[in-house]
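Okay, structure first, notes after.
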């Protein structure tokens with residue numbers, strides 16, 4: 001590969017790598033049932049904060065690189081490969097605006113209850129217990145740890161249980 005076509009390929013490759021990292025790293029670190037260290041969580045939150053700007057800049061750089069490469073490269077399949085890479089970078093810039101955590105951590109919906117004597121909980125299972133006036137509820141932590149939010153109504157009052 002000669003120097004005039006090498007620079008656009010390098011710029012396109014860097015744009016693609018940065019965009020994929022901006023999407024994948026936070027999803028890898030912040031996912032259900034995975035312990036996170038404070039430093040990696042901080043890094044993932046920083047990536048999330050700057051991801052929209054970084055992915056748009058990467059998409060712009062990929063487009064500029066594609067135009068430069070397209071003009072200098074006569075091979076159709078290499079042009080197509082470069083075009084596909086630029087489309088992926090643009091798609092990642094679009095996907096960076098989707099809040100994947102809303103999809104992962106959705107509320108459990110309306111909970112169903114049974115008498116304590118009829119429950120199928122282990123004896124050692126942890127629960128979050130609520131007692132309001134004449135009503136009591138117990139929300140298993142294993143369920144809340146997946147959904148993170150339980151919306152309920154207890155004795156006519158709205159209640160949100162979270163863990």
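Derivation of every value follows stated rules applied to the coordinates shown; laboratory data play no part. Bear in mind that the values here come from a model prediction, so they are computed numbers and not experimental data. Reconstructed Cβ throughout: ideal geometry from the backbone, glycine too, with neighbour counts over all protein chains shown.
Observations, loosely collected:
- On Cα atoms only, tilt of 3-29 relative to the major axis of the chain in degrees: 0 degrees
- Reciprocal mean inverse distance between Cα atoms of the chain - Kirkwood radius, Å: 19.6 Å
- Radius of gyration over Kirkwood radius for the range 40-99, both on Cα atoms: the Rg/Rh ratio is 1.13.
- Peptide ranges 84-97, 42-55, 124-137 listed from the most packed, as the mean C-beta count within 10 angstrom indicates: 84-97, 42-55, 124-137
- Between the Cα long axis of helix 76-95 and the first principal axis of the chain there is an angle of about 30°, rounded to the nearest 10.
- With one equal scatterer per alpha carbon and no solvent term, the Debye-computed log10 I(q)/I(0) for the range 119-162 at 0.15, 0.23 1/Å reads -0.38, -0.83.
- Value at 222 nm in deg cm²/dmol, rounded to 500, when DSSP H runs of n ≥ 4 in the chain each add -39,500 (n - 2.57): -19500 deg cm²/dmol
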